[in-house]
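Below is one structure, written out as structure tokens; comments come after it.
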Amino acid sequence: MTGVGGTVEAHTERLTTGGPTMTSTAPAAVPTATATAAVPTAPAAAFPTTVRSYHLGAGSGLDRLSLRTARPRTPGPGEVAVAVRAVSLSFRELLVLRRQYVLPVKPDLVPVSDGAGEVVAVGPGVRWARPGDRVTATLFPHWRDGRLAADLLPQLGGSLDGMLTELAVLPEQALLPVPAHLSYQEAATLPCVGLTAWNALTGDGRGVRPGETVLTTGSGGVSLFVLQYAHALGARVIATTGSPAKERRLRELGADEVVNYRTRPDWHTAVRELTGGRGVDRVVDTAGSLEQSLKSLAVDGHLALVGSVSGAWPPLDPRLLFGAAATVRAVAVGSHAQFAAMNDFLAEHALRPAVDRVFPFEEAAAAYDYYERAQPLGKVVIAVS
């Protein structure tokens, strides 16, 4: 299959598993003690006899989504069977549904990259996962650490089957324990937007320092995580929104200042005013509004580009880059090592993701529809079991 920046070898998959099947190329590392999930207080769930999974077929929009029942597959060497308890939606899932996603998407896909669940069975050679453990999985299962490369691009809910299923069979190396203070529904919000926000703030090597100022655009999932993380890192946080009703909630989550971009279309000017003309040290841009984001930056500032929720990419004057001596970095979620560091940070600061609404598994289509049209303030979660 062809991916961004090169060719990616296809990985063998069995569509009757109710979840992805991937060849493990290296033994999984044993998680550190600080990342270990809580010891289960009840016996591990039984291995199911049938599995329901959603699939994306032909058609358009939500008509592509269908629910099927199949027999489960037991995990092979290095694999772990996870009874999925919750999944969460992100803008990525709308792009996959609309056939607009930038990376390859397999036919007859089990969608959704983000989920959390309980281990119910393990295959030969599994090192640390045990039945009853609470786990989640990285979006890029083969990206352990270091730089992202073309051979690491296979991703859950894209070129590999995802988590909108009752049972996912995953390589142990893709899994991480769920932080003990989080529920399954909260943990299901972490793999895509939670990790993207963490990478945007810390993944450049320098990271956010106490006393710096961070600007995040909009009030989507990544932006809400940025607010929480940046506040806990000791930064001053400025947020933008077009909704006066959302301003109070943004402040509750860690925003020191909120700029309404509808009443201030030149919102970069408002940001300059709030910083005494200096500008911010870092922008996390989720809207693709690069011109105003660059105009908001202090000299030698950092702009983490997450994407464009509008789908529009206006032209950019390169002189803005030189004028701010800015660093612009496109953020592609994050690695297993970054996920583990994020989990430690979440546990240390007892941070909880913002959840807007939870739908039952049988109403997955309604969850997609709500996420697309309601502009939720917080994650939309589907409770699987």
Looking across the stretch 147-186 at residues that are part of a helix (DSSP H, G or I) and of a type in the set (S, T, N, Q), the single one that is least open to solvent (accessible area, probe 1.4 Å) is Gln173
Among residues of the stretch 76-91, those that are under 27 Å from Leu182 (Cβ atoms) and either open to solvent by 20 Å² or more (accessible area, probe 1.4 Å) or touching a Lys or Arg at 6+ places or on another chain (Cβ under 6 Å) (or both), counted: 3
Restricting to the stretch 220-236, count the residues that are more than 25 Å from Glu372 (Cα to Cα), of a type outside the set (Ser, Thr, Tyr) and within 21 Å of the chain's Cα centre (by Cα). 4
Those residues of the stretch 344-360 that are within 16 Å of Cys192 (Cβ to Cβ) and either more than 18 Å from the chain's Cα centre (by Cα) or open to solvent by 40 Å² or more (accessible area, probe 1.4 Å) (or both) come to a total of 2
Considering only the stretch 104-125, I want to know if a residue exists there that is of a type in the set (Gly, Ala, Ser), open to solvent by 10 Å² or more (accessible area, probe 1.4 Å), touching a residue at least 60 places away in the same chain (Cβ under 8 Å) and not in a strand (DSSP E or B). yes
Condition test on Val82, is it modelled with pLDDT of 95 or more and under 22 Å from the mean Cα position of the chain (by Cα)? yes
So, of the residues in the stretch 273-291 that are modelled with pLDDT of 95 or more and of a type in the set (A, V, I, L, M), which turns out to be surrounded by the most Cβ atoms within 10 Å (Cβ to Cβ)? Val283
Residue by residue through the stretch 292-331, note down the ones that are open to solvent by less than 40 Å² (accessible area, probe 1.4 Å) and of a type in the set (Gly, Ala, Ser). Ser293, Ser296, Ala298, Gly301, Ala304, Gly307, Ser308, Ala324, Ala326
Kindly indicate whether any position in the stretch 305-314 is among the hydrophobic types (A, V, I, L, M, F, W, C), under 26 Å from the mean Cα position of the chain (by Cα) and either assigned to a strand (DSSP E or B) or closer than 18 Å to Gly205 by Cα (or both). yes
I'd like the full set of residues that are in contact with a Phe, Trp or Tyr (Cβ under 9 Å, 6 or more places away or on another chain) and aliphatic (A, V, I, L, M), limited to the stretch 348-363. Leu351, Ala354
With criteria (1) closer than 20 Å to Leu201 by Cβ; (2) basic (Lys, Arg); (3) open to solvent by 50 Å² or more (accessible area, probe 1.4 Å), Arg373 comes up short on (1)
Answer yes or no: is there a residue in the stretch 191-206 that is free of Cβ contacts under 8 Å to residues at least 60 places away in the same chain and either farther than 21 Å from Asp114 by Cβ or open to solvent by 20 Å² or more (accessible area, probe 1.4 Å) (or both). yes
Please identify the pairs in which a residue from the stretch 37-59 that is more than 19 Å from Glu166 (Cα to Cα) has its Cβ atom under 9 Å from the Cβ atom of a residue that is at pLDDT below 85 and assigned to a loop (DSSP other than H, G, I, E, B), counting only partners at least 6 apart or on another chain. Ala37/Pro31
From Phe345, Phe339, residue being in contact with a strand residue (DSSP E or B) (Cβ under 7 Å, 6 or more places away or on another chain) and in contact (Cβ under 8 Å) with a residue 60 or more places away in the chain: Phe339
Which number in (1) under 16 Å from the mean Cα position of the chain (by Cα); (2) open to solvent by 60 Å² or more (accessible area, probe 1.4 Å) marks the one condition that Glu363 misses? (1)
Could you tell me which of the residues Arg130, Arg144, Arg98 is surrounded by fewer than 24 Cβ atoms within 10 Å (Cβ to Cβ) and touching a His at 6+ places or on another chain (Cβ under 7 Å)? Arg144
Within the stretch 127-182, of all residues that are closer than 28 Å to Gln100 by Cα and of a type in the set (Val, Ile, Thr), the one farthest from the chain's Cα centre (by Cα) is Val169
Looking at the stretch 241-272 only, could you name the residues that are open to solvent by less than 80 Å² (accessible area, probe 1.4 Å), of a type outside the set (Val, Ile, Thr), out of contact with any Ser or Thr (no Cβ under 8 Å at 6 or more places or on another chain) and more than 20 Å from Leu377 (Cα to Cα)? Arg264, Asp266, Ala270
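The values are calculated or read from the model by the stated rules, or taken from the named source; none is laboratory data. Computed from a predicted model, the values in this text were never measured in an experiment. So basically every Cβ, Gly included, is an ideal-geometry build from the backbone, and we count neighbours across all protein chains shown. These area figures cover heavy atoms from the full protein model, side chains too; ligands, DNA and RNA do not enter into them. Shrake-Rupley method; radii C 1.70, N 1.55, O 1.52, S 1.80 Å.
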